[in-house]
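A short worksheet on the structure shown next.
The values are calculated or read from the model by the stated rules, or taken from the named source; none is laboratory data. Just so it is clear, the model here is predicted, and its values are computed rather than measured. When we count neighbours, we look across all protein chains shown, and the Cβ atoms used for this are built from the backbone with ideal geometry, even at glycine.
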Amino acid sequence: MVEASRMKSLGVDFPFMVAPMVGLTHVAFRATVRHFTPKSIHPLLFTEMLSTRRLPFERIDRVDELKTIAGETHFIPQILGNEESFIQRSIQKLMPLDPWGFDINMGCPARQHLKHNWGVRLLGDKDYAARVVEMTKKHSPVPVSVKMRCGQEIADPQFLDDFTAALENAGADWLTIHARLQSQKHKGEADWNLVGDLRRKRSIPIVMNGDVQTAADALEIYRSGLADGIMIGRAATARPWILWQIAHDLGHTESPEAFPGMAPPRTPEEEGRFFLMAMAEFMRNLDRHFDNDDKNMRRLRFYVINANRWFLFGHSYYSRCMKTKTITEALRMTEEMIDTVNFPMTSRINFL
Ligand SMILES: Cc1cc2nc3c(=O)[nH]c(=O)nc-3n(C[C@H](O)[C@H](O)[C@H](O)COP(=O)(O)O)c2cc1C
């Protein structure tokens, strides 16, 4: 029997979500994911990490990373920081966007963040990390979560137990564990069982992240009780319809508005065709939400670099895309390919 997800106690009925990713999880991508998700499903989607040192001084209507879809609910800004006054002012700044919650980054290994003792550096001091949770909770009227790695250099269940207990005691509403060590960066396999063991020790919800690439992966973790929720990262760029597949597997028969009466794509060929449709939708969303074509081309290229990894013969789309100069040109090229070319999509890849 599947144990009920503790995310329900926070009002989350569908505990499958898309990870925060710099340069990827902006409004155009979130709109693309929502386009391929049935309307009655409300997945939590994250912004990329946002510096609390910068937010207080920015005009939120001018920050590209803070753009939202009109009426967007269930999105979570992820914040990076450790000083109470900056955290407080950042939260005040962001509240008018009506976020569902705030997430604290304790996993980013980028050097410029380590020197400020942000990101994964917080893993080195559990009391300090717990204080960051306390100060965020103190100023946030909405749920506060932490996204962290499962360790630094070695897998140490005792460390993970102590650290997450401190965050739970500090008031974190839920935790996402990226089941890779700091030293692995984004490579190699994630240790899902380590997170499963932890889940039994905590009473707040534990969300699994790392190397979840297919709906079957997500459901395997969920059904075996290893986590209360599943967060999908890079694979969601290749398969922005993955939440639809998961919902369908869980018995939701509704289709996304754009695909009335259809079942989600399943075969490598169907997914390959949907990928081109998703790329076209992504470009329309870039154009709809951002007005600088050069920046949009950079966003597009970065997206394709990430998503293209699921195509054995994807180099052709990748190279065609890289040759285009404007979003209009890239969109035309993609639309022409939808009915003429088919690249089957690989189910799982190795993150080398
Ligand atoms: C391009 C890129 C940007 C990322 N940016 C963030 C970020 O802003 N905040 C964060 O917590 N993690 C970030 N991550 C890590 C992802 O959220 C996720 O933990 C990681 O990709 C593992 O999940 P996956 O194996 O499903 O991709 C980023 C990862 C990538 C590839």
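Points to keep in mind about this one:
- Helices (runs of 4 or more DSSP H) contained entirely in region 126-233, each with at least 3 residues that are closer than 20 Å to Val18 by Cβ and within 16 Å of the ligand (Cβ to nearest atom): 215-223
- Selection of region 293-352 for residues being aliphatic (A, V, I, L, M) and part of a loop (DSSP other than H, G, I, E, B) yields Leu312, Val341, Met345, Ile349, Leu352.
- Restricted to region 295-325, and to residues there that are modelled with pLDDT of 95 or more and surrounded by fewer than 13 Cβ atoms within 10 Å (Cβ to Cβ), the residue that is nearest to Lys185 (Cα to Cα) is Arg298.
- Members of region 169-191 found to be under 17 Å from the mean Cα position of the chain (by Cα) and either among the hydrophobic types (A, V, I, L, M, F, W, C) or farther than 18 Å from Phe159 by Cβ (or both), listed by number: Trp174, Leu175, Ile177, Ala179, Lys185, His186, Lys187, Ala190
- Scanning region 246-273 for residues that are surrounded by fewer than 23 Cβ atoms within 10 Å (Cβ to Cβ) and not in a loop (DSSP other than H, G, I, E, B) yields His248, Asp249, Pro268, Glu269, Glu270, Gly272, Arg273.
- Checked against the criteria, Leu45 does not count as outside the structural domain of Ile305 (by TED's automatic domain parsing) and over 19 Å from the mean Cα position of the chain (by Cα).
- Of the residues making up region 192-230, those that are buried (at least 18 other Cβ atoms within 10 Å of the Cβ) and of a type in the set (D, E, K, R) are Arg199, Arg202, Asp211, Asp217, Asp228.
- Of residues in region 164-188 being touching an Asp or Glu at 6+ places or on another chain (Cβ under 8 Å) and without any contact (Cβ under 8 Å) to a residue 40 or more places away in the chain, the one farthest from Gln78 (Cα to Cα): Ser183
- Some residue of region 126-135 being closer than 30 Å to Gly261 by Cα and in the same structural domain as Leu160 (by TED's automatic domain parsing): no
- Boolean, Ile327 is under 13 Å from Phe282 (Cα atoms), β-branched (Val, Ile, Thr) and out of contact with any Ser or Thr (no Cβ under 9 Å at 6 or more places or on another chain): yes
- Top-ranked residue in region 3-43 [being without any contact (Cβ under 8 Å) to a residue 60 or more places away in the chain and small (Gly, Ala, Ser); ranked as farthest from the ligand (Cβ to nearest atom)]: Ala4
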